[in-house]
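Below is one structure, written out as structure tokens; the observations come after it.
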Amino acid sequence: MKRALFPAAIILLLVAISCNNSTQTSDMIITNARIWTGNADQPFAEAMAVSGDTIVAIGSNREVMKHRSGSGTLIDLGGMFVVPGFIDTHVHLLQGGSNLASVQLRDASTPEEFIKRIREFAATQKPGTWILGGDWDGMGWESLPARSWIDSVTSDHPVFVSRLDGHMALANSLAMKIAGIDRKVKDVTGGTIERDARGELTGIFKDNAMDLISVKIPEQSAEEIDIALVAAMKYLASNGVTSVHALDAAAYADGLDRVRASGRQITRIYYLQTISRWADMKEQVERAGRGDRWLSTGGVKGFVDGSLGSHTAAFLEPYTDLPTDTGLFVNSEQDLYTWVSAADKAGLQVAIHAIGDRAINTLLNIYERVAAENGDRDRRFRIEHSQHIAPADIERYGKLKVIASMQPYHAIDDGRWAEEYIGPERAKTTYAFRSLLDSGATLAFGSDWFVAPATPLEGIYAAATRRTLDGINPGGWIPEQKITVEEALKAYTINAAYASFEEDFKGTLEPGKLADFVVLDRDITAIDPVEIYDMKVQQTWVGGKKVFDRTEEQ
């Protein structure tokens, strides 16, 4: 028997060796490219072979051409630069897609322009239609916008337009009337209702107070949701984003299922459930699993505080410009601990928004306590934003293996005015990319879209240059917190994949991983980082299929 088995074993071994010697044929070969793989063992290559949705070989033109089949496609990129598909670790997918078709207020630089755009948009809408979105900024204005600005131009339309950080919104009088709100309304826990010197409501609602209006906004129809999601994916593809972490998408998971079933999904999505509903996510995972490579789940998302721009981020010391105010907690520390502990025991990933140093300190304490109580496991706790960290807490990220899920574009946006709010000393550890990396923490980058553009190239530019949008910091705002271009690339690729437990099949370009990649107009690793701001995505590929081509869009 042994003699009979030996030749068979040899044959099987030879077959295995043959397969491992890269003889698998491909459907497509990319040649004459400069490929940044993200793989430390093979940093660069010039060709890549793809079979189905998977990379089967990567290396020199000569090596990879061995995988060519007679019917396979050969694409000569003529020296263009290729990187793994960008993974945006923090988006609000539905609202981002919806806002693409709403009034655009982000660059309204004066109150007059703000009013004009709302008036003109209202004229295009049927009476009774809610005017939402907006993403206004308001920095540099003498005051926050007020309902008195827009009431006369929106008498037939309820309005609830949010500031670009999503933590503050302006309602007109009609929207407040529909919500049954007048000057007698009481403040809500974890939120603020702005009043003028006479006690009259200005129309500004912050954080939890925004719910007083939003609960009266009609729900989007299934068709409207699907249209917005498809628009969002097309926008993301145009910016080289092949995967996102949609941290609020459990609320519209049915829409994601419909888009996928219709064959229109072109973006891979990892989504989370609201942390207070951790038991629902636990039940879903037990019943249906954690999804697949197109649509996956298995975590929960919550909030500690608000935002810096709305003065609702929670700080250990008062705001420099509001010396009696330290911000607010959207949820109590006890509730957060209870939810984090329960979700962690259930084997779910936990990702929580914390912006101010008091919020971050409190959350790190909760994470440390829960990890000690629940025992060792690969939990990958995340702190979303991680913007303003007390110096003593930076080292705790690495020690506790907490992922800093950050949005570098915010640094060059907020850097225009942040020191007015928190002073120069606290600014030193604001968006502390360098210090966090040096602590041993994992940096995972995203955009916070709709709050900021979902443009990874601009994010890499921001992390590597820290040149604020107003142009007054040419050497970088808090320049000691800059990181290298390759460190930023990793934060948008392999580190981002790690942040959703998906590093085994995406985040780098190597055999066995998904053929998600982006073609850029120049070598991002070889130019002055300042030039990255003007770079363009030429092509975006997901699973070996081209989903965006700039030449076809022109």
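The values are calculated or read from the model by the stated rules, or taken from the named source; none is laboratory data. Keep in mind that this is a model prediction, so the values were computed, not measured. Virtual Cβ from ideal backbone geometry, glycine too; neighbours counted across all protein chains shown.
Descriptive notes on the structure:
- Residue list for region 217-247, filter: at pLDDT below 95 and charged (D, E, K, R): 219, 223, 224
- Residues in region 110-158 that are in contact (Cβ under 8 Å) with a residue 40 or more places away in the chain, of a type in the set (A, V, I, L, M) and outside any helix (DSSP H, G or I): 132, 139, 144, 146.
- Per-region count, region 282-308, residues of a type outside the set (Gly, Ala, Ser) and either modelled with pLDDT under 95 or within 27 Å of residue 208 (Cβ to Cβ) (or both): 10
- One residue from 472, 494, 483, 478 being under 21 Å from residue 540 (Cβ atoms) and of a type in the set (A, V, I, L, M): 494
- Considering 418, 351, the condition of being in contact with a strand residue (DSSP E or B) (Cβ under 9 Å, 6 or more places away or on another chain) and more than 26 Å from residue 502 (Cβ to Cβ) is satisfied by 418 alone.
- Checked against (1) out of contact with any Lys or Arg (no Cβ under 7 Å at 6 or more places or on another chain); (2) touching a residue at least 40 places away in the same chain (Cβ under 8 Å); (3) surrounded by fewer than 19 Cβ atoms within 10 Å (Cβ to Cβ); (4) not aromatic (Phe, Trp, Tyr), residue 373 passes all but condition (2).
- Count of region 354-363 residues, restricted to those that are surrounded by 24 or more Cβ atoms within 10 Å (Cβ to Cβ) and touching a helix residue (DSSP H, G or I) at 6+ places or on another chain (Cβ under 8 Å), is 4.
- Taking every residue in region 29-44 that is on the phi > 0 side of the Ramachandran plot and pairing it with any residue that is modelled with pLDDT of 95 or more and surrounded by 15 or more Cβ atoms within 10 Å (Cβ to Cβ), at least 6 positions away or on another chain, the pairs with Cβ-Cβ distances below 6 Å are 32/77; 38/84; 38/493; 38/494; 38/508.
- Region 295-322: number of residues that are more than 24 Å from the chain's Cα centre (by Cα) and not aromatic (Phe, Trp, Tyr): 6
- Residue in region 492-511 that is among the acidic types (Asp, Glu) and not in a loop (DSSP other than H, G, I, E, B) present: no
- Of all residues in region 111-148 being of a type in the set (Phe, Trp, Tyr) and surrounded by 15 or more Cβ atoms within 10 Å (Cβ to Cβ), the one that is nearest to residue 217 (Cα to Cα): 130
- Close pairs from region 215-234: first more than 15 Å from residue 99 (Cα to Cα), partner in a loop (DSSP other than H, G, I, E, B) and among the small types (Gly, Ala, Ser), Cβ under 7 Å, at least 6 apart: 216/179
- Residues that are of a type in the set (D, E, K, R) and within 24 Å of the chain's Cα centre (by Cα) do not occur anywhere in region 323-330.
- Some residue of region 245-260 being in a strand (DSSP E or B), charged (D, E, K, R) and in contact (Cβ under 8 Å) with a residue 24 or more places away in the chain: no
- Any hit, region 459-472, residues being more than 20 Å from residue 383 (Cα to Cα), hydrophobic (A, V, I, L, M, F, W, C) and part of a loop (DSSP other than H, G, I, E, B): yes
- Selected residue [charged (D, E, K, R) and not in a helix (DSSP H, G or I)] from 177, 184: 184
- Subset of region 525-541 (residues that are among the hydrophobic types (A, V, I, L, M, F, W, C) and within 21 Å of the chain's Cα centre (by Cα)): 532, 535, 537, 541
- Looking across region 525-554, the residues that are touching a residue at least 12 places away in the same chain (Cβ under 8 Å), in a loop (DSSP other than H, G, I, E, B) and over 28 Å from residue 26 (Cα atoms) come down to 525, 535, 536.
- In region 501-534, the residues that are of a type in the set (A, V, I, L, M) and under 30 Å from residue 476 (Cα atoms): 518, 519, 520, 524, 526, 527, 530, 532
- Complete set of residues in region 66-77 that are within 14 Å of residue 33 (Cα to Cα) and buried (at least 16 other Cβ atoms within 10 Å of the Cβ): 75, 77
- Among the residues listed as 501, 517, the single one being under 22 Å from residue 89 (Cα atoms), outside the structural domain of residue 37 (by TED's automatic domain parsing), in contact with a strand residue (DSSP E or B) (Cβ under 6 Å, 6 or more places away or on another chain) and surrounded by 14 or more Cβ atoms within 10 Å (Cβ to Cβ): 517
- Only one of 206, 216 that is more than 20 Å from the chain's Cα centre (by Cα), among the charged types (D, E, K, R) and part of a strand (DSSP E or B): 206
- Every residue from region 380-394 that is farther than 21 Å from residue 424 by Cα and either of a type in the set (A, V, I, L, M, F, W, C) or surrounded by fewer than 20 Cβ atoms within 10 Å (Cβ to Cβ) (or both): 380, 381, 383
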